[in-house]
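K.L.:
If you scroll down you'll find the structure; I have some questions about it.
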Amino acid sequence: VQLQAYGGGLVQAGGSLRLSCTASGLPFRLYAIGWFRQAPGKEREFVAAISRSRNTSYYADFGKGRFTTSGDNAKFTVYLLLDSLKPEDTAVYYCAADRGPRWSAGRPETYGYWGQGTLVTVSS
């Protein structure tokens, strides 16, 4: 099983980035996908998640109205659109696939597969 997040980069405050998460080695449409981030010196935190059906999304409070997650099962890809970026959004962003029926969007221990992260840097 392999997940890979990519699409990070350097952007000015107020700008946008679209992150992608691709998966291989698992029946993608059967897994909820979550996004987490970790800034230097800080704990990993939940950002957003999308259900297995790709019909329901969940967001951390700091992301509501700014971040949007969507999925394309045909392309084995989930996206995270980051709008109105702030310097405090600077972090490594990770995607993860759920562990099973006890999945809870914001709880990292309910995810079983993690991808390598992609760095998002927002300059002021």
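K.L.:
Can you figure out the FRET efficiency of R54 with L119, using R₀ = 30 Å and their beta-carbon distance, to the nearest 0.05?
P.N.:
0.70
K.L.:
List the trypsin sites (Lys or Arg not before Pro) in segment 31-100 that DSSP assigns to loop (not H, G, I, E or B) and whose Cβ has at most 12 other Cβ atoms within 10 Å. Which are they?
P.N.:
K42, K64
K.L.:
For Y58, what accessible surface area do you get with a 1.4 Å probe? Give it in Å², rounded to 10.
P.N.:
Here the accessible area works out near 90 Å².
K.L.:
Please give, to one decimal in nm, the separation of the simple spin-label points placed at E109 and D61, each 7 Å out from Cα toward the Cβ.
P.N.:
Modelled inter-label distance: 2.3 nm.
K.L.:
List the residues whose amide H sits under 5 Å from the amide H of R99, counting only those 5 or more places along or on another chain, with H placed 1.01 Å from N in the peptide plane.
P.N.:
Residues meeting the criterion, in which the H sits 1.01 Å from N, are Y111, G112.
K.L.:
Suppose R0 equals 25 Å; then what is the FRET efficiency for R102 and V1 from their Cβ-Cβ distance, rounded to the nearest 0.05?
P.N.:
On the way: r = 19 Å, r/R0 = 0.74.
After rounding to 0.05, the efficiency reads 0.85.
K.L.:
If you don't mind, another one. Roughly speaking, what is the stretch gain from R44 to D72, that is 0.36 nm per residue apart minus the C-alpha to C-alpha distance, in nm to one decimal?
P.N.:
My answer for the length gained is 7.5 nm.
K.L.:
OK, next. Could you tell me what percent of the accessible area of segment 31-97 is made up of carbon and sulfur, with a 1.4 Å probe and every protein chain present?
P.N.:
Accessible surface attributable to carbon and sulfur in segment 31-97 totals 48 percent.
K.L.:
Please list L30, L81, L10 in order of solvent-accessible area, largest first, computed with a 1.4 Å probe with all protein chains present.
P.N.:
L10, L30, L81
K.L.:
Tally Lys/Arg at +1 and Asp/Glu at -1 over every other residue whose Cβ is under 12 Å from the Cβ of T110; what's the total?
P.N.:
Taking every Cβ under 12 Å from that of T110, the sum is +1.
K.L.:
Which net charge results when you count Lys and Arg as +1 and Asp and Glu as -1 among the other residues whose beta-carbon is under 12 Å from that of A49?
P.N.:
Net charge around A49: +2.
K.L.:
When only Cα pairs under 8 Å and 6 or more residues apart are kept, what is the percent relative contact order across the chain?
P.N.:
35 percent
K.L.:
Okay, next question. How many Å² of accessible area per residue for the chain, probe 1.4 Å?
P.N.:
Per-residue accessible area for the chain comes out at 52 Å².
K.L.:
Moving on. Pairs of Cα atoms under 8 Å, at least six residues apart: use those to get the relative contact order of segment 5-48, whole percent.
P.N.:
Once divided by the residue count of segment 5-48, the mean separation gives 25 percent.
K.L.:
Ordered by residue, what ³J(HN,Hα) values in Hz, to whole numbers, does segment 9-24 give under the Karplus form 6.51 cos²θ - 1.76 cosθ + 1.60, where θ = phi - 60° and Gly and Pro are x?
P.N.:
x, 9, 9, 7, 3, x, x, 9, 9, 10, 8, 10, 10, 10, 9, 9
K.L.:
Quick check: net charge around V122, other residues with Cβ under 13 Å of its Cβ, Lys/Arg +1 and Asp/Glu -1?
P.N.:
0
The values are calculated or read from the model by the stated rules, or taken from the named source; none is laboratory data. Being a predicted model, the structure only gives us computed values, none of them experimental. Here Cβ is always computed from backbone atoms with ideal geometry, including for glycine, and neighbour counts include all displayed protein chains. Keep in mind that these areas ignore ligands, DNA and RNA; they rest on the heavy atoms of the full protein, side chains included. Shrake-Rupley method; radii C 1.70, N 1.55, O 1.52, S 1.80 Å.
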